[in-house]
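One structure below.
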Amino acid sequence: MNRAHRRRSRTSARPHQCGGALRAAASACLLLIAVVGGLSACETGVEPIVQGDRYFSLYGFLDMRHDTQYVRVEAVAPTLRVTSPEALEARVTSTDLATGDSTVWRDSVVTFSDGTYGHVFWTPLRIIASHTYRIEVERPDGRRTWAETTVPARPEPEVQPAVSFNDRGVMRARQQIIWHDVPRAPFTTNVKYRFFGGFDQGFTDLEEPPELTRLEDDTWTVHLNLTRAADSLLEKLGSPRVMGGVSMAITLQDAAWTFPDGVFDPDVLSNPGVFSNVTNGFGFLGAVGSYSTEWVLTPRVIDAMGFLPPDQQKREGQAVAHAGLQGGS
Amino acid sequence: MGPSLKRTLVALLGCGVFLLAGMAPAHAQKATLRGFVTDAEDGQAFQGVNVYLETVQGELFGGASTNVDGFYAISRIPPGRYVLHASFIGYQSVTDTLTLAADETITRSISMHVDASELGEVVVESEQDAGAATSTAGLQVVRPEDIARVPTVDVSADLVGYLQTLPGVVSGGDRGGQYFVRGGTPTQNLALLDGMIVYQPFHIIGFYSAFPADIISEVNLYAGGFGAEYGGRLSSVVDVAAHEGNKQRYAGSVAVTPFLTSALVEGPLWPGRVSLLASWRESLIEQAGPAVVGQELPYRFGDRFAKVHATVSPSFRLSVAGLQTHDRGVITPGEDEDELTVSAGKTGEAIWENEAYTGRFLFLPAGFPMLGELQLGFARLRNEFVSDDELQRFSSVSEFDARVEFNYFLRATDVNAGLFLRTARLEYQLNDLFEGFDENDEYVTEVGFFMEADMRLAPGLSVTPGLRVQSFPSLGRTSVEPRARAVWRIGGETGRHELSAAWGLYHQGLVGLNDRRDAGNVFTAWVAPERGHDVPSAQHYIAGYRVEPVRGLQFSVEGFYKMLGDVRVPDWAVTPNFQTALQTADGTVRGVDLRLELTKGAFYGYASYGYAAVEYDAVFTALGEAPTHYSPPHDRRHQVNALGSLSVWDFDVSLRWQFGSGQPFSEAMGFDTWVPLPDPSADVGEEPGIRRVLYLSPYEGRLPTYHRLDASLERTFPVSRNVGVTMQASVINIYDRSNLFYLDLFTLRRVDQLPLIPSLGLKVAFK
C-alpha cells in the first residue's frame, strides 16, 4: 500500500538471479533443518521440585509444664494443597540422650479451624532439666529427619529478705528474688501468695505479677512491691487472712528459641532455613523448663502488708483491728 | 525549585542563548534552501531522498537527506547560482537552477516521479540506513518491507513480528503483550506512534501490536542509548511514524484470517492537499481458536487508527491522528479457579484499553533556517483485572502532552531543541495488591527541555551531544540527563566500515508496577514513586561495529552495558500472599548482539545472536539484610534468530526460526506448612499454620529452552489493474514444540505457549 511495499515488489522482478538465490535459500534451509532437527529433541519438561534430603517438617516443643508432649509432623509434599488427611508414613520416636530412654510417639490427625489437616504426634513424657532429647521422624525406607533440644537447666533462686520500712508515715514492704543461671529473659514470671482459710477451708493462692525484672548478664532480679500486692490482694480477699507464704515460678525457653534480631517476624521466619534446628527437614523443636521456689515472709512483713502471720491464725478474728498499714508501727 | 535546579536551568539557558547568539551572525550573509519532498504518485512525504546543490560549474556544494516528514534543509550557502538535484533510486531525478541571495531563505518543495525505465533494476541494498543488520549505537531503523519478511499468522504484517526477530528483545510469551528490551522491563519501554505515547502497545496475543505494518512509514527502534529528545523511560524507545495516506487517489484493503479481520482505507479528502488514513482490526481468535488450535483461546482485542494529514501551505503541514486499542482475556486459563489462584491474581480476566490522540504542526518560520514543530497530545491507558465478573483492581493513567521543538540547520550541525510539558492523572485502586500502594488519584506534572546538536565533524563522522532536563515540581524531583551519540563511517558516507557508540543517563519519573515473578500476571499499575525513594535510573553504554564486506552482505556487532538503579522489584515471599511488597534493586545488564544479513537477488537471509545477562541486587525481607544477587525472570541469556525469505515464481516464501535459552525461575524442594511458634503459649494442635513453598535460592533454576519454526507462503493475484488478491498460508510452530509460557510454582500448573497453528489468510487490496 505504501511506497516501501512498491519498492520491494520491484526488487523481486529479477528472474536471472533466481538460480543463485534458490541455491542460497536451499543451503540456508538445509542448515536450518539440521539445527532444528538437533534441537527438536530437546527436553521440554521442567521439574520445579528438586528432590533433596529434606523429608519432614517438624514443629513443636517439649514442655516441662505438661506430662504429655506434642509435635506436629508433616512430610515435605510435592503439592501445595493438602486436600485430605492422608496417612503419614512416619515413625516418630524420642530419645533422652542422657539416659538412653526411647519412646515411640503416637499419631493423631487434627482438623484445624481453617479446615486443613495435620498430624500431631504425642506421648506421655515428663522431661528433665538439662537433658537433651532427640526426636526422630523416620520414613519406611529408613530416611530420617531429626532435631534435638536441650531442656533449660534449673536456675538457682536467691530469695532476699523482705524489708519493711516507714515511708512518710506509711508502712511499705519490698523483696527481691534473684535468679542465677538464666541466660535469657524468662517467658513467664509468676508470683503467688498463699492464704489459709479459703472456700474449701484449705488454702487460697492468689497471683500478682511482679513489677519489675532486670537483666544483669545471666542474672535476673525480680522486684516484689509487697505493699502494692497487698492492696490488690486485700481487694480480692475482702478481709485480711492468714498468709502462709509466697511462691514464684519462671518459665524458660531453650537457647535455640531465639529469633533473628530478637523479633518474631513471620515474613522472615517463614523462610525455609531461617529459625530452624531440624536436620534433613524443616521446622523447629524447642524445649520449655518451668521452675519455682517458695518462701515465707516474716511476721513483721506480713503484718506490714496487713495480713496475719501463721502463728496468729488463732487470733484471725481479731485481725480486723490490724487492717491497713499504719504509720509508726 | 532547589538551588541546584536553579543553577542548572540558568546554566542551560545561558548555553542556549550563547548557541543561538552564535548562530545568528554565522547565518548572516548566507542563504538557506529547504523544503519538503513528496512522492508524486501518492503525494506522501518521501524519506531518504538525496537533495544536494552544485555550483553552476559542477562543483558539489553540499546536501541533505530527507527525513521521515520528507523535509530537507541546506544551510550556510554563499549567495550565487546553484543547481539543485534531488534523486532516489527508481525515481526521476529532479534538477532545478536557483539563484540564492544573501540572507535569503528559500522554501523549495519537490515532487518525485517514478522512473518507469528503471523498473526491475532497483536494488534495495542502496538503503544502508535500514535493514536488520544496520544497528547503529542501539538504533535500528525498520521499514515496512523488513516487517513483511517475517512469517506470521496474518496476511498483513505487524511490527511485533519483526521485533521478535531482534536480538535483545525478549517476549514474555505468545500472550500477555509483554516485551523486554536488553534487560529492561516492559514498563521501561517508550512506545510512540506519531508522537503519541502508547502505554501498552502490544496486544494480548503476541502476534499483534497496535502497529500494523500497513500504516507504518518508518520505525526507529532504540534498544538503548537514545537521544535527548526521548525521556521518561529507562530501557528502549519504539518510535513509529505512520505514513500520511494517499493524497492522489483512494486505496485500501480488507483482510481476514482465523485470528483477525482488518480493513484499511486511505485517500484524498482534498486531492493533493489533505489525506486520510484509517485502519481497523478486530480479533476473531475467540471464535476461530478452538477450530484452528484445538483449544479455547478466550481473547479479544482490536485497534483503530486514523490520521488526517494536510499540506496547508508549502511552509505549514498539519496532521491529526488517533489510536484506540482494546484487549481482554484470561492470560492463564485453566481449571484451577479456586480461591488460592483467584486471590493471588492468577486466574481472572485482564483488560486494558489505550487511547491516544495527537495534533502535530510542522512549520517553516520565514527567514530562519529552521523547522518548527508543535505537538499536542493526549494518551490514556486503563488496566483492569476482573474475577467472577467483579472488578478486583484497576489502574488508569491519563496524560496530556505539549511539546514545541525547533530544528536549526547549520552547515555541518543540526541543532534540535525543545520544551515539553506533561500532566498525568494517575488513578488506581489495587485492593492491597502492592504494599504501600492501595488507592490513589493524583496529578503529576512534568516539565523540561532538551537540546542536542548533530555535528558532522568530518566526512562520515558525526557526534551528537545532548542534554535533557526534566522536573516534577509537585514531587520535588529534577533530573539532568546528559546524552551522547557518535557514528564514524570510515572512509566517508560510502565507507564499508562503521563504528558507533552511545552513552546516556536516564530516569523514569512514572513507574509501572507489575509482579514480575508471575508471567501470567500482566496487571500493571502506573504510579509516581513514593516520596523519599529515588526514582529508577539507568546509564547506557553502547559500542558497535558494522561492515559490508561485499555488496548485499552486512555484519554488525554491538556490545552494551547498562547500570540500573532503584528499579522496583517484588519482594521475596515463600507463601502465596495476595499482597506483594516491593523492594528496590540495583543491577546491571551486559551483552552483545551479532547480526548477519544477506540480500542476494530474490533471496533475503538474516541471522542474529544475542547474549544478555541481567543481574539484580536487592534486599529481600525474608532473606536478611544482605543483598541477594540474582537474575530476574526475564533474563534470557542466549537468543538466536534465523530468517529467510525467497521470492520465486511470484510466490513469497518465508521461514523463520527462533531460539531462546531458558529463563530463571525458583526451584523448590517441595511444600510444607509453616507453624508459627512465637513462644511457649503456642499450641501445635490448634494453630493451622501457613502453607509455603520450600524454595531453593531465588531464581537459580532455568526453565527449558524455547524454540519455534514458522513458515509462510504468499502470492498476490492481480484481479484487475487496480485490484489484487493476496493469499497466504502460514504455519506457526511447525514442529509443535511445547514451549513453556507459565509455570505456577504454588500450584505446579503449567501453561504452554500456543501449539502448531495453521492459518490461511486472504487480503483484497485496491489502489
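The values are calculated or read from the model by the stated rules, or taken from the named source; none is laboratory data. Just so it is clear, the model here is predicted, and its values are computed rather than measured. Every residue, glycine among them, receives a Cβ derived from its backbone with ideal geometry; neighbour counts consider all protein chains shown.
Numbers below:
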quantity	calculated
Members of region B:438-452 found to be under 30 Å from residue B:403 (Cβ atoms) and surrounded by fewer than 19 Cβ atoms within 10 Å (Cβ to Cβ), listed by number	B:440, B:441, B:442, B:443, B:445, B:447
Meets criteria (more than 25 Å from residue B:168 (Cα to Cα), of a type outside the set (A, V, I, L, M), within 11 Å of another protein chain (Cβ to nearest Cβ) and touching a Pro at 6+ places or on another chain (Cβ under 9 Å)) for residue B:701	no
Extreme residue, nearest to the other protein chains (Cβ to nearest Cβ), among residues of region B:555-600 that are acidic (Asp, Glu) and crowded, with 17+ Cβ neighbours inside 10 Å	B:571
Of the criteria (1) more than 8 Å from chain A (Cβ to nearest Cβ); (2) in a strand (DSSP E or B); (3) of a type in the set (Val, Ile, Thr), which one residue B:734 fails	(2)
Members of region B:101-133 that are assigned to a loop (DSSP other than H, G, I, E, B), at pLDDT below 80 and not acidic (Asp, Glu)	B:119, B:120, B:122, B:123, B:128, B:130, B:131, B:132, B:133
Residue among A:140, A:161 that is more than 14 Å from every other protein chain (Cβ to nearest Cβ), in contact (Cβ under 8 Å) with a residue 60 or more places away in the chain and surrounded by fewer than 15 Cβ atoms within 10 Å (Cβ to Cβ)	A:161
The one condition in (1) more than 14 Å from chain A (Cβ to nearest Cβ); (2) at pLDDT below 90; (3) not in a loop (DSSP other than H, G, I, E, B) that residue B:152 fails to fulfil	(3)
Output for region A:231-277, where each listed residue is more than 30 Å from residue B:582 (Cβ to Cβ) and within 12 Å of another protein chain (Cβ to nearest Cβ)	A:250, A:251, A:252, A:253, A:254, A:256, A:257, A:277
Filter pass, residue B:559 being touching a strand residue (DSSP E or B) at 6+ places or on another chain (Cβ under 7 Å), in a loop (DSSP other than H, G, I, E, B) and under 30 Å from residue B:600 (Cβ atoms)	no
Output for region A:54-105, where each listed residue is touching a residue at least 12 places away in the same chain (Cβ under 8 Å), under 18 Å from residue A:289 (Cα atoms) and within 13 Å of chain B (Cβ to nearest Cβ)	A:59, A:60, A:61, A:62, A:63, A:64, A:65, A:68, A:69, A:70, A:71
Hits in region B:642-683 - residues which are more than 9 Å from every other protein chain (Cβ to nearest Cβ) and among the small types (Gly, Ala, Ser)	B:654, B:660, B:661
Condition check for residue B:225: within 13 Å of chain A (Cβ to nearest Cβ) and either at positive phi or in a strand (DSSP E or B) (or both)	no
In region B:638-656, the residues that are within 15 Å of residue B:715 (Cα to Cα) and among the β-branched types (Val, Ile, Thr)	B:648, B:653
Condition check for residue A:167: under 24 Å from the mean Cα position of the chain (by Cα) and either free of Cβ contacts under 8 Å to residues at least 24 places away in the same chain or within 14 Å of another protein chain (Cβ to nearest Cβ) (or both)	no
Selection within region B:279-292 - of a type in the set (A, V, I, L, M) and crowded, with 20+ Cβ neighbours inside 10 Å	B:285, B:292
Conditions (1) at pLDDT 90 or above; (2) over 21 Å from residue B:295 (Cα atoms); (3) away from chain A (no Cβ under 11 Å); number of the one not met by residue B:763	(3)
Filtered residues of region A:111-127 (kept if more than 14 Å from every other protein chain (Cβ to nearest Cβ) and exposed (fewer than 15 other Cβ atoms within 10 Å of the Cβ))	A:124, A:126
Hits in region A:146-178 (condition: basic (Lys, Arg) and either closer than 12 Å to residue A:225 by Cα or outside any loop (DSSP other than H, G, I, E, B) (or both))	A:172, A:174
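Listed here are the residues, each with its yes/no results for (1) touching a His at 6+ places or on another chain (Cβ under 7 Å); (2) within 30 Å of residue A:267 (Cα to Cα); (3) within 11 Å of chain A (Cβ to nearest Cβ); (4) crowded, with 18+ Cβ neighbours inside 10 Å.
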position	(1), (2), (3), (4)
B:603	no, no, yes, yes
B:615	yes, yes, no, no
B:622	no, yes, yes, yes
B:627	no, yes, no, no
B:631	no, yes, no, yes
B:640	no, no, yes, yes
